[in-house]
Amino acid sequence: MFHSLCCDTAGWGLFLIVLPTAFFWCLAARSKSVTPGEGGPGLGLPHSSRSMERPLKAGWLKKQQRSLVKNWQQRYFVLRGSTLTYHKDDKETTVQGVIQLRFSKVNEMPPNSDDPGKYLFEIIPRTTGDRVRYPYVLMANSQSDMEEWVRTLRRVIGVPTSGVFGKSLMDTVTYEQRFGPHMVPILVQKCVEFIKEHGLNEEGIFRLPGQDNAVKQFRDAFDAGERPSFPSDTDVHTVASLLKLYLRELPEPVVPWTQYQNFLDYTPVMCGFKWLNPVRLHQLHKPATVSEYTKSTIKI
């Protein structure tokens, strides 16, 4: 950028205008002695002009202390731009700490069966130089609140969310193990369970289209890392369309290309079975193996 600015007279003029402004801005920032990161009790930063900006998100979270005893502190968190601050009250009178989100990572933390009822996520700051930056462990009031914080923070950081559409079966199932043992993606399981309950006697299932807006909303929710349930009055064709869309966007089909012709060759044999047994399919297909994920998906 410096080279491109200085290549002509106009570039030099712009550079000479911007440089003094940036220089004095840096001096003003340093005079406040604010270091992004963990804020101790003595930080006590007052209001700034930035606090006049409308927050992208704000709310109460519990923050885990970094000590031998893992106590929790109730703090009011405010997200503006790529900066997350936390305060003792919702008046934002003083800043207890500042978390710079740029290049950070945000992860949901798996539930602990020994200590249920805690909806945890962590913010892992970027490590700079030799300085070790420890994660911020935060607890929300509910599962939906936690998912909304994670989704919002990831959007601010600009990293891909834990989407499921367009990802391989193995990658999705491996990622979702943190939510409990699953042999198929959670989306597939939820869709199949709903269709089995509401759509077995529905005419045109998997043929008639669902509601486009509803399909998009459910897709966005799953791609944002949520695990929504379908209300009982949801159109079953919408759920079927969502499942078809997921299968259509898989990088590799449920039946892999390397085994596709063998699968077709055994179609007459399988059509004689009342239920497609994955173990039997594995025995019939001698040259290669069918992955556990593929077999489980076929079974469902």
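Every number here is computed from the coordinates shown, using simple stated rules; none is lab data. This one's a predicted model, so the numbers in the text were calculated from it and none came from an experiment. Note: ideal-geometry Cβ built from the backbone for every residue, glycine included; neighbour counts use all protein chains shown.
Which FRET efficiency value, to the nearest 0.05, is calculated for residue 148 and residue 254 with the Förster distance at 41 angstrom and r the Cβ-Cβ distance? So, using R0 = 41 Å, E works out to roughly 0.80. Compared with the direct C-alpha span, the chain from residue 134 to residue 69 gains 21.8 nm at full extension, assuming 0.36 nm per residue.
Legend: calculated FRET efficiency, residue 126 to residue 232, from the Cβ-Cβ distance at R0 = 51 Å, rounded to 0.05, equals 0.70.
For segment 165-226, GluC sites (Glu not before Pro) meeting the loop criterion (DSSP other than H, G, I, E, B) and having at most 15 other Cβ atoms within 10 Å: 202, 203. Footprinting exposure proxy ranking of 76, 136, fewest other C-beta atoms within 10 angstrom first, gives 76, 136. Between residue 207 and residue 57, take the C-beta separation as r, use R0 = 51 Å, and let me know the FRET efficiency to the nearest 0.05. Efficiency, from the Cβ-Cβ distance: 0.75. With neighbour counts taken as other beta-carbon atoms within 10 Å, the residues 258, 152, 172 rank, fewest first, as 258, 152, 172.
The packing ranking, built from the mean of other Cβ atoms within 10 Å per residue, places the peptides 207-214, 179-186 in the order 179-186, 207-214, highest first. Computed from label points 7 Å out along Cα-Cβ, the spacing between residue 193 and residue 267 is 3.3 nm. Amide H to amide H distances under 5 Å link residue 211 with 238, where only residues 5 or more positions off or on other chains count and H is placed in the peptide plane. The ranking of 170, 109 from fewest to most other beta carbons within 10 Å of each one's beta carbon is 170, 109.
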